[in-house]
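This report concerns only the one structure given below.
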Amino acid sequence: MTILRYLSVTIPLFVALLFSPPWVAASEASPDDQTPADLISAEVIRSDLTALYNSLAAAHANLYAHRPKAQYDEEFDALMASVDGPMSRLDVIRLFMRFVAYGRVGHAKIDFPIPEYVAYLQQGGTLIPVDIRVEDGRVLIAHNYTTEPLLEAGHELVAINGRSADYWLKRTGRYVSAERPYMSHAQLENMFPRIFWLSEGQVDSFRFTVKTAEGEKTLVAGAVPVMTIEEHKGSLESVTHKREANMLQEGVAYLRPGPFYAMGDKDTLDTFTAFIDESFRTFIEACADNLILDLRNNPGGDNSFSDPVVAWFADKPFAFASRFEVKASPQTRMVLKDLAGQYPDGLSAGMYALIQKFPDGDVFDFHIPDTPPRADGFKGRVWVLINRHSYSNATVTAAIIKDYGFGILVGEETSDLPTSYASSAQFTLPQTGIVVTYPKAYFVRPSGKESLSGVMPDIVTAEPLPGAEADAVLSVLLEKITADTH
């Protein structure tokens with residue numbers, strides 16, 4: 001059951017940029033070069049905006065869960081009124097992204113416009129030269145892409161171009177689908193330069209006000225090439241998304257499963273489960289009595305990948321949801337029909353058969369079967385590392401482990417929710433061809449808890465800034481394991 005919601009690109013984006021074919025550059029001409037033929041008419045935009053709202057209302061598991069219908073209607077009317085002439089495809093995507101994100105449901109979204117972003121790169125595009133981290137309402141610089149020492153990581157970012165940092169969180173956050181600010185901020189931490197461009201277009205220089213130990217200071221810094229930022233982010237993702245298994249020290253095994261989906265033609269569910277099985281057998285042969293499962297910075301994916309991991313150390317049958325409700329709609333019928341054809345023995349086939357019994361608009365219960373534990377499983381203690389960037393199915397996996405008592409969670413609260421509107425599906429707008437992701441279901445974590453909160457760790461640790469040389473959280477956990485052992 002796919003429950004992926006991560007806003008960011010889930011493979012190193014810079015690789016896609018490096019190998020993009022030249023024709024992509026023509027997909028989004030610069031504003032000065034655009035001709036009427038490159039633009040989308042106001043009539044088409046209004047027609048697809050209407051189709052977008054109608055389709056969301058029909059298919060979304062609960063479009064008005066976090067935003068009253070009256071407010072959504074007002075937003076729709078305001079956006080319709082703002083369409084006063086032809087627009088570029090990128091501007092239409094911007095408009096529609098904001099409308100979908102307005103509902104504050106993380107699994108309802110329009111993806112970041114990669115073809116237009118690639119075209120911008122190929123035209124020599126530039127981005128704001130900082131990544132951010134949001135802590136207790138303060139915006140910190142997480143990474144500095146310049147040589148300017150005042151933009152050093154850890155300094156507080158007070159203002160950009162005369163506007164407060166909080167203003168920019170709210171303005172860029174309009175494009176982020178998230179139930180609460182904590183999740184919106186977490187996704188902006190991954191995507192801030194990209195989303196700033198999406199919001200503001202090309203900006204050549206920035207006036208930063210930063211707070212240091214000596215007080216507030218202001219400086220002007222130029223934008224940096226897109227590729228400078230993408231290479232850095234790609235290098236980070238190549239580490240955090242890597243599948244890794246080894247013995248850290250005597251008796252302590254470490255497993256980073258990586259994303260819970262196939263990452264390429266040679267990376268399939270079969271190769272993933274083979275990697276997991278071999279890893280656990282190696283751990284058991286090495287007499288490991290502690291396992292560290294690292295779900296930090298994991299974008300999520302599908303429980304067909306994560307369940308085989310949990311089954312290795314579970315001591316009872318488990319399921320990711322105590323309740324799973326699906327809303328019947330024409331869009332979801334079409335999606336399930338296609339999935340049932342591809343996977344006739346999968347959950348979607350059973351869901352497709354069941355949906356035939358209900359008229360559109362009805363919500364029905366669907367039973368998620370238990371996954372049994374392995375008889376030859378790992379019997380030692382399990383420690384699970386989580387952070388604000390443990391998304392989607394990584395969050396759900398952490399909730400399974402916590403709610404069933406399979407392990408001890410270490411780190412910080414996940415920004416994503418283990419009870420949410422999810423089970424993503426998609427429909428395509430009829431005239432622009434823009435693809436919209438929506439949640440077709442609502443599921444509740446195994447404990448039955450329905451609060452708007454993430455998975456809480458049993459042991460809270462401070463999360464270091466991205467790219468820190470030493471893994472402080474892992475070091476703290478290893479010290480605890482060693483102390484407990486002795």
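The values are calculated or read from the model by the stated rules, or taken from the named source; none is laboratory data. Note that the coordinates shown come from a computational prediction; the quantities given were computed from them, not determined experimentally. A quick note on method: Cβ atoms are made from the backbone with ideal geometry, for glycine too, and the neighbour counts reach across all protein chains shown.
In the stretch 132-159, how many are part of a strand (DSSP E or B) and closer than 19 Å to Arg388 by Cα?
Going through the stretch 132-159 one residue at a time, the tally reaches 10.
Would you mind finding the one in Phe366, Phe313 that is crowded, with 19+ Cβ neighbours inside 10 Å and aromatic (Phe, Trp, Tyr)?
Phe313
Any residue at all in the stretch 238-245 that's in contact with a Gly (Cβ under 9 Å, 6 or more places away or on another chain), polar (S, T, N, Q) and touching a residue at least 24 places away in the same chain (Cβ under 8 Å)?
Yes - at least one qualifying residue is present in the stretch 238-245.
Kindly indicate the residue of the stretch 354-363 that is of a type outside the set (Asp, Glu) and under 30 Å from the mean Cα position of the chain (by Cα) and also surrounded by the most Cβ atoms within 10 Å (Cβ to Cβ) among those meeting that condition.
Ranking the candidates gives Ile355 first.
Residues of the stretch 249-279 being touching a strand residue (DSSP E or B) at 6+ places or on another chain (Cβ under 7 Å) and basic (Lys, Arg), which ones?
The answer is Arg256, and nothing else.
When you scan the stretch 234-251, how many residues do you find that are buried (at least 16 other Cβ atoms within 10 Å of the Cβ) and touching a Leu at 6+ places or on another chain (Cβ under 7 Å)?
Residues meeting the conditions: 2.
What's the total number of residues in the stretch 37-95 that are closer than 23 Å to Arg180 by Cα, among the acidic types (Asp, Glu) and touching a residue at least 24 places away in the same chain (Cβ under 8 Å)?
1
Only one of Lys440, Lys379 is of a type in the set (D, E, K, R) and closer than 27 Å to Leu474 by Cα; which?
Being of a type in the set (D, E, K, R) and closer than 27 Å to Leu474 by Cα holds for just one of Lys440, Lys379, which is Lys379.
Residue-wise test of (1) within 23 Å of Arg98 (Cα to Cα); (2) of a type in the set (Ser, Thr, Tyr); (3) buried (at least 19 other Cβ atoms within 10 Å of the Cβ); (4) modelled with pLDDT of 95 or more.
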| position | (1), (2), (3), (4) |
| --- | --- |
| Ile132 | yes, no, yes, yes |
| Glu148 | no, no, no, yes |
| Ala165 | yes, no, yes, yes |
| Arg171 | yes, no, no, yes |
| Arg180 | yes, no, no, yes |
| Ala186 | yes, no, yes, yes |
| Phe192 | yes, no, yes, yes |
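Each row is one residue, and each column tells you yes or no for (1) in contact with a His (Cβ under 6 Å, 6 or more places away or on another chain); (2) of a type outside the set (Phe, Trp, Tyr); (3) assigned to a loop (DSSP other than H, G, I, E, B).
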residue: Ser348; (1), (2), (3): no, yes, no
residue: Tyr352; (1), (2), (3): no, no, no
residue: Phe358; (1), (2), (3): no, no, yes
residue: His367; (1), (2), (3): no, yes, yes
residue: Gly377; (1), (2), (3): no, yes, yes
residue: Val384; (1), (2), (3): no, yes, no
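Which one is farthest from the chain's Cα centre (by Cα) among residues in the stretch 160-177 that are hydrophobic (A, V, I, L, M, F, W, C) and outside any helix (DSSP H, G or I)?
Ile160
Among all residue pairs at least 6 apart or on different chains, which show Cβ distances below 6 Å where the first residue, located in the stretch 432-457, is surrounded by fewer than 19 Cβ atoms within 10 Å (Cβ to Cβ) and the second is β-branched (Val, Ile, Thr)?
The qualifying pairs are Val435/Thr428; Val444/Thr419; Glu450/Thr419; Glu450/Val444.
Any idea how many residues of the stretch 333-358 are of a type in the set (Phe, Trp, Tyr) and either in contact with a helix residue (DSSP H, G or I) (Cβ under 7 Å, 6 or more places away or on another chain) or within 15 Å of Ser304 (Cβ to Cβ) (or both)?
2
Select from the stretch 136-160 the residues that are farther than 21 Å from Gly222 by Cβ and either among the hydrophobic types (A, V, I, L, M, F, W, C) or touching a strand residue (DSSP E or B) at 6+ places or on another chain (Cβ under 9 Å) (or both) and list them in ascending order.
Across the stretch 136-160, the qualifying residues are Arg138, Leu140, Gly154, Glu156.
Select from the stretch 427-486 the residues that are of a type in the set (Val, Ile, Thr), within 30 Å of His143 (Cα to Cα) and in a loop (DSSP other than H, G, I, E, B) and write down the one among them that is modelled with the lowest pLDDT.
Of everything passing the filter in the stretch 427-486, Thr461 is modelled with the lowest pLDDT.
Looking only at the stretch 277-292, which residues are more than 16 Å from Gln249 (Cβ to Cβ) and buried (at least 20 other Cβ atoms within 10 Å of the Cβ)?
Result: Ser279, Phe280.
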